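Down below is the structure, laid out as structure tokens.
Just so it is clear, none of the values below were taken in a lab; they were calculated from the coordinates. Predicted model, so just to flag it, every value in this text is computed and none were measured. Don't worry about glycine lacking a Cβ; one is built from the backbone with ideal geometry, like all the others, and counts go over all protein chains shown.
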Amino acid sequence: MLTEEHEALRTSVREFAREVVAPVIGEFYEKHAFPYDIVRRMGTMGLFGLPFPEDAGGMGGDYLALCLTLEELARVDSSVAITLEAAISLGAMPIYRFGTEEQRARWLPDLVSGESLAAFGLTEPGAGSDAGGTTTRAVLDGDEWVINGTKCFITNSGTDITSLVTVTAVTGTNPDGSKEISSIIVPSGTPGFTVLPGYSKVGWCASDTHELAFDDVRVPAANLLGPRGRGFAQFLRILDEGRIAIAALSTGLAQGCVDESVAYARQRHAFGRAIGDFQAIQFKISDMEVRAHTSRLAYYDAAARLLSGADFKRAAAIAKLHASEAAVDNARDATQIHGGYGFMNETPVARFWRDAKILEIGEGTSEIQRMIIARDLGI
């Protein structure tokens, strides 16, 4: 059972998603435009500060509060949901978890208020699931890091309000011969740091995604995030948490498909009656509801383990794997139920269908989740 505070938050975000986001997001989506006003209003609601304590400028909530918010947003639109998820899990959370007091004081106030966004530069053209294959390098030159390399598919990296990107880079060699990987904060506008044009994406068309280039980018040595050589461990922790958030977002998309399909099954008539009267449609929608419900239980469990301090790696992988595949399955079935209308971009289910597939890829592919689960089982 959720607490009264969690239920009140869910209700508030649900109303915001339906009354503010739903009427306008389709236009942003088709224009591949970033919804600055919606982001501003989410900041006013305190959503960017949900899982952070009040002494850090946050709302004093918890990670489940963030997940509930993501689910409700994604029931209407995933571009808005992923903007919030990435801003918190990948943008502000590394600064909060691993930053110095000076770094927190400089960056967190604007990040947790939604006044600015941050990004996490991990993925490279040749280093996706194999994050250890990072080739971006940072060399210490006096009291500055000099960074060279490229990052790709980086969310929230090129908006007008993006303030920084945390970049993983090879900073040396470990005693065992493996790469020493560290995390370094690179403020937006730093000379040599170029945000390349946005991608033409299949889905998440109202979110911000760019390739980033670093050409002799110099930042202070004090911009190192956490101890040198801990970058790999840092992003593993960040991704484990982020998978719970992506599971919640996926659950929202899966539930949104149910919502739209139930409404359509009641209003669409064929052969003299509503298509919801046909058992074939009833069974399909019932299966969709089972997937969404089970996905919700999975991310609740993972979030509860995280909040209790228990090991949550396997639970997060299970939740992310199940929920993302449920989202893809539900989007396909919702499109089928809507028939030709489901193939038209102005309908929500067409947007869901385009948005769903990336959920099986981003923040750890389905294959990576299966590897994590198997290894945790001891095989």
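Multiplying the sequence separation of T194 and L297 by 0.36 nm and subtracting their Cα-Cα distance, what value in nm do you get?
Numbers: separation 103, 0.36 × 103 = 37.08 nm, distance 4.17 nm.
Working it through step by step, the gained length comes to 32.9 nm.
Distances over 35 Å make up what percent of all Cα-Cα pairs in the chain? Could the numbers behind the result be given before it?
Values: 16929 of 71631 pairs.
In whole percent, the long-distance tail amounts to 24.
Using equal-weight Cα scatterers in the Debye expression, the normalised intensity of region 24-180 in log10 at q = 0.13, 0.14, 0.18, 0.21 Å⁻¹ is -0.68, -0.78, -1.13, -1.34. Look at where the Cα atoms of region 107-178 and of region 267-324 average out, and the two centres are 34 Å apart. For K320, a cut-off of 18 angstrom between C-alpha atoms picks up these lysines, skipping any fewer than 8 places away in its own chain: K357.
Per-residue counts of other Cβ atoms within 10 Å, averaged by peptide: what ranking do you get for 204-210, 136-142, highest first? Don't skip to the end; give the middle numbers.
Details: 204-210: 24.7, 136-142: 16.1.
Ranking the peptides 204-210, 136-142 by packing returns 204-210, 136-142.
Here region 190-346 is treated with +1 on each Lys and Arg Cβ and -1 on each Asp and Glu Cβ, and its dipole about the Cα centre works out to around 360 debye. The translational diffusion coefficient of region 118-229, from Stokes-Einstein at 10 °C and 1.306 mPa s with a Kirkwood hydrodynamic radius over alpha carbon pairs, comes to 112 µm²/s.
May I ask you to derive the relative contact order of the chain, considering only C-alpha pairs under 8 Å and at least 6 residues apart, and to give it as an integer percent?
Working: 730 pairs, mean separation 60.6, N = 379.
It comes to 16 percent, rounded to a whole number.
Equivalent-ellipsoid semi-axes for region 4-117 (Cα gyration tensor, √(5λ), whole Å, largest first): 24, 17, 10. Using R₀ = 41 Å, calculate the FRET efficiency as 1/(1 + (r/R₀)^6) where r is the Cβ-Cβ separation of E144 and T11; round to 0.05. FRET efficiency, E144 to T11: 0.25. Its residues counted as N, region 121-178 yields a C-alpha radius of gyration over 2.2 N^0.38 Å of 1.26. With respect to the chain, whose longest principal axis is taken over its alpha-carbon atoms, helix 101-113 is tilted by about 20°. The long axis of helix 366-376 is offset from the longest Cα principal axis of the chain by roughly 70 degrees. Helix 279-308 and the longest principal axis of the Cα set of the chain meet at an angle near 30°. Note on region 233-376: Kirkwood hydrodynamic radius from all Cα pairs is 15.7 Å, rounded to one decimal.
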